1. With θ set to phi - 60° and the Karplus curve 6.51 cos²θ - 1.76 cosθ + 1.60, what are the ³J(HN,Hα) couplings of the stretch 43-52 in order, to the nearest whole Hz, using x for Gly and Pro?
2. Calculate, in whole percent, how much of the Cα-Cα pair population of the stretch 1-106 lies beyond 22 Å.
3. Under a point-charge model restricted to the Cβ atoms of Lys and Arg (+1) and Asp and Glu (-1), what is the dipole moment magnitude of the stretch 3-142 relative to its Cα centre, in debye to the nearest 20?
4. Taking the dipole about the Cα centre of the chain, with the C-beta of Lys and Arg at +1 and of Asp and Glu at -1, give me whichever of ASN103, ILE89, LEU7 is farthest to the positive side.
5. For the stretch 64-105 and the stretch 1-45, write down the distance between their C-alpha centroids in whole Å.
6. Over the chain, calculate the relative contact order: mean separation of alpha carbon pairs under 8 Å at least 6 apart, over the residue count, as a percent.
Amino acid sequence: MPKILVLNGPNLNLLGTREPEIYGALTLADINERLRRRAEEAGCTIAFLQSNHEGDLIDAIQGARGTADYIILNAAAFTHYSIAIRDAIAAVDIPVIEVHLSNIHRREAFRHTSVIAPVVLGQIAGFGAESYMAALEVILCRTGGISCA
Ligand code: DQA
């Protein structure tokens with residue numbers, strides 16, 4: 001079964017109180033707990049990291065080589081301008097699923113661009129916490145953990 005790393009970028013530690021009308025009422029701990037339960041049920045190993053610092057996320061992506069089969073990444077604001085995170089994803093041979101709580105494409109123009117989108121497997125945006133759950137289901141489908149029609 002796959003080993004999964006869930007990475008969250010800046011300000012996502014404030015979920016629950018941060019602009020709840022956009023990002024919802026769940027905390028990051030709530031979301032991680034849901035992911036952990038589903039992953040355990042499916043027999044996957046799952047690990048979590050949140051950081052407000054670009055370099056920490058880059059270190060985590062590099063460090064995932066040999067330890068993670070998939071990365072679920074919400075790079076938050078770094079999504080829109082971090083070429084360094086994009087290059088880290090391109091440098092490691094690990095499929096990354098980009099997730100966003102909000103639908104970045106129907107928000108401010110500066111959020112419409114994801115510089116990481118061209119180097120990830122795919123993007124899931126706009127479903128709140130379900131964006132993360134959907135990413136996990138994609139991984140389970142692709143690795144045979146659940147049967148997909
Ligand atoms: C976000 C969207 C980004 O534009 C924003 O900077 C975030 C969160 C999301 O999950 O909707 O911090 O990635």
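Read the figures in this text as sums done on the coordinates, not as results from a lab. Please read these numbers as outputs of a predicted model, since none were measured by experiment. Here the Cβ is made from the backbone with ideal geometry for all residues, glycine too, and neighbour counts use every protein chain on show.
1. Calculated HN-Hα couplings, in order: x, 9, 8, 9, 10, 10, 8, 10, 8, 8 Hz.
2. 30 percent
3. 160 debye
4. ASN103
5. Using only Cα atoms to place each centre, the spacing works out to 15 Å.
6. It comes to 27 percent, rounded to a whole number.
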